[in-house]
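Engineer: The structure is given below, and queries will be raised subsequently.
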Amino acid sequence: MTVDAEFGVFLPVANGGWIVSRNTPLLDGGWAQNRDAALLAEAEGLDFVMSMGKWRGFGGDTDHWGASLESVTMMAGIAALTRRVKVWATLHAILHNPVVAAKMIATLDHISGGRAGLNIVAGAYRGEFEQMGAWDEKLDHDARYDLTEEWTGIVKRLWTEERVDFHGRYFTIKDCVSQPKPLRRPDLICAGMSARGFDFSVRETDICFIGGRDEAETRAASLKAKELAAKLGKSIKTYAMCTVIYGGSDAAAEATAQKYRDGLDEGAVLGMLESYGASFAGRDNAMVARAKGAFMTHTVIGAPRTCAQKIATLLADCALDGLMLIFADYAEGIAVMGREILPLLKARA
């Protein structure tokens, strides 16, 4: 790993967090847990906090992700309470007009003093958008990215130009103004992993969140992103999500991880599969495939020293520039990360 690897926290903006289990500590998706996690992440020296945008959960015994806060407004509250940590919010291009989106994120940037970021989602979950009349049968997967590319271009121009005219396939704006401009150009992030989504992420954003069913697949995606960016004459950072399960010993941490696996909420996983349009017999995406074992992401398990070693190896082996961290208990987990794991990583670097 390098000394400039970045570590952040994927905030528990929806109930249940990122472990699909009946046996995890309670994450209610509420303001207090998210606020406290962000303040602790800043205090412990982490680099960013991010929240997803979610509009419908997956059901099951735990009603996983059934309750969630809206990303931008929550991050605005966090921005006002923090001073250093970067605050990244999520918007769906098919839900938010690009002129409104540009002003929302510019406002977040002013509240935060120039720490805002925008995670761009093209939208792929029919159940979420159909319930609000926002699902368009004519927009297939690639068309949604075509729309999102127009949307992103408009947002970028509104952040830098005094007046914008645009006549595209999906959006038309005329003599459009948007003041004030952001204090700095907000970070742009995307996690598109399909062929079209990957191309969009590398071309239009600063940071690609990548994943894979294993480390080899993640490394291949990271190197592919950097190679494509170089051909485009730009640079790109690649980050991955990582769940950290720690304990007083490696055996204790593994016992905790097994407890979470034993509590797998099969009904919620089935709901996730339905949301993605996948099936157990089908070709799932990496997150769904991992969720069948309760954890949705890369997972490191062990005592703090073991976790530090595994995180360093993950960063190096997968050619990553950073990790967005997930915990079963955010208050305890961020404290362990900041006070026990992060110092070991800095010493290794």
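The values are calculated or read from the model by the stated rules, or taken from the named source; none is laboratory data. Just so you know, these numbers come straight off a predicted model, no measurement behind them. Here Cβ is always computed from backbone atoms with ideal geometry, including for glycine, and neighbour counts include all displayed protein chains. Calculation scope for accessible area: heavy atoms of the full protein, side chains included, ligands and nucleic acids excluded. Shrake-Rupley method; radii C 1.70, N 1.55, O 1.52, S 1.80 Å.
Engineer: Reachable lysines from Lys226, Cα under 17 Å, same-chain residues fewer than 8 places away excluded?
Structural biologist: Output for Lys226: Lys234, Lys237.
Engineer: Here is a further query. When the helices in the chain are scored as -39500 (n - 2.57) per DSSP H run of 4 or longer and the sum is shared across all residues, what 222 nm value do you end up with, to the nearest 500 deg cm²/dmol?
Structural biologist: Calculated mean residue ellipticity at 222 nm is -13000 deg cm²/dmol.
Engineer: What nm value, rounded to one decimal, do you get for the distance between Arg184 and Asp4 when each label is placed 7 Å out toward the C-beta?
Structural biologist: It is 1.3 nm.
Engineer: Additional query: For the chain, give the magnitude of the charge dipole about the Cα centre (Cβ charges: +1 Lys/Arg, -1 Asp/Glu; no others), in debye to the nearest 20.
Structural biologist: Working: 39 positive and 44 negative charges, 171 e Å.
With only Lys, Arg, Asp and Glu charged at Cβ, the dipole is about 820 debye.
Engineer: Right, next: Lysine pairs in region 47-157 with alpha-carbon atoms under 23 Å apart, 8 or more places apart or on different chains: how many are there? Can you show the working numbers first?
Structural biologist: Details: Lys54/Lys86; Lys54/Lys103; Lys54/Lys138; Lys86/Lys103; Lys86/Lys156; Lys103/Lys156.
The number of close lysine pairs in region 47-157 is 6.
Engineer: Is region 13-96 best put as rounded, prolate or oblate by its Cα gyration tensor, with a ≥ b ≥ c the root eigenvalues, rounded for a/c under 1.5, and otherwise prolate when a/b is larger than b/c, oblate when not? Display every interim value, and only then the final one.
Structural biologist: Numbers: a/c = 2.44, a/b = 1.34, b/c = 1.82.
Oblate is the answer for region 13-96, as a/c is 1.5 or above yet b/c matches or exceeds a/b.
Engineer: Excluding same-chain residues fewer than 8 positions from Lys224, which aspartates and glutamates have a Cα within less than 12 Å of its Cα?
Structural biologist: Asp199
Engineer: Per residue of region 212-221, what does 6.51 cos²θ - 1.76 cosθ + 1.60 with θ = phi - 60° give for ³J(HN,Hα)? Whole Hz please, x for Gly and Pro, Karplus curve as stated.
Structural biologist: Each residue's phi maps through the Karplus curve to give x, 5, 8, 5, 5, 5, 5, 4, 4, 5 Hz.
Engineer: Could you work out the local net charge near Gly322, counting Lys and Arg as +1, Asp and Glu as -1, over the other residues with Cβ closer than 13 Å to its Cβ?
Structural biologist: On the way: positive: Lys86, Lys237; negative: Asp4, Glu6, Asp47, Asp187, Asp206, Asp321.
The answer is -4.
Engineer: So how exposed is Tyr260, as accessible area in Å² (1.4 Å probe, rounded to 10)?
Structural biologist: It works out to around 20 Å².
Engineer: Still on this structure, I have one more. Starting from the residue with the highest accessible area, list Asp142, Asp187 in decreasing order, probe 1.4 Å.
Structural biologist: Asp142, Asp187
Engineer: Rounded to the nearest 5, what % of the DSSP beta bridges within the chain are antiparallel ones? Let's see the in-between values first.
Structural biologist: Working: 6 of 41 bridges.
The antiparallel fraction comes to roughly 15 percent.
Engineer: Run the 1.4 Å probe and let me know the accessible area of Glu227, rounded to the nearest 10 Å².
Structural biologist: 110 Å²
Engineer: Moving on to the next point. Output wanted: per-residue J couplings in Hz (rounded whole) for region 252-266, from phi through Karplus 6.51 cos²θ - 1.76 cosθ + 1.60, θ = phi - 60°, x for Gly and Pro.
Structural biologist: Going residue by residue, I get 5, 5, 5, 5, 5, 4, 5, 4, 5, 4, 5, x, 3, 8, 4 Hz, with x marking Gly and Pro.
Engineer: Follow-up. Between His110 and Arg83, with labels modelled 7 Å along Cα→Cβ, what's the label distance in nm to one decimal, could you check?
Structural biologist: Inter-label distance under the simple model: 2.3 nm.
Engineer: May I pose another question? Quick check for you: which residues of region 31-53 have the amide N under 19 Å from the point 7 Å beyond the Cα of Ala331 toward its beta carbon?
Structural biologist: 31-45
Engineer: Using alpha carbon coordinates only, what is the Rg to Rh ratio of the chain, with Rh defined as the Kirkwood radius? Could the numbers behind the result be given before it?
Structural biologist: Numbers: Rg = 19.5 Å, Rh = 20.6 Å.
Ratio of gyration radius to Kirkwood radius for the chain: 0.95.
Engineer: Relative to the longest principal Cα axis of the chain, at what angle does helix 71-81 sit, 0 to 90 degrees, rounded to 10?
Structural biologist: That helix lies at roughly 70 degrees to the long axis.
Engineer: On the full set of protein chains, 1.4 Å probe, figure out the accessible area of His167 and give it in Å² to the nearest 10.
Structural biologist: Accessible area of His167: about 140 Å².
Engineer: Evaluate E = 1/(1 + (r/R0)^6) for Lys259 and Ala43, where r is the Cβ-Cβ distance and R0 equals 30 Å; express this FRET efficiency to the nearest 0.05.
Structural biologist: Values: r = 29 Å, r/R0 = 0.96.
The computed FRET efficiency comes out at 0.55.
Engineer: Also: Just in region 35-92: which GluC sites (Glu not before Pro) are loop by DSSP and have at most 16 other Cβ atoms within 10 Å?
Structural biologist: For GluC sites (Glu not before Pro) across region 35-92 that sit outside H, G, I, E and B with at most 16 neighbouring Cβ atoms in 10 Å, the list reads Glu70.
Engineer: Work out from phi, with θ = phi - 60° and the Karplus expression 6.51 cos²θ - 1.76 cosθ + 1.60, the ³J(HN,Hα) of each residue of region 19-33, listed in order in whole Hz, and give x for Gly and Pro.
Structural biologist: Along region 19-33, the couplings run 10, 8, 8, 7, 9, 8, x, 5, 10, 9, x, x, 5, 4, 5 Hz.
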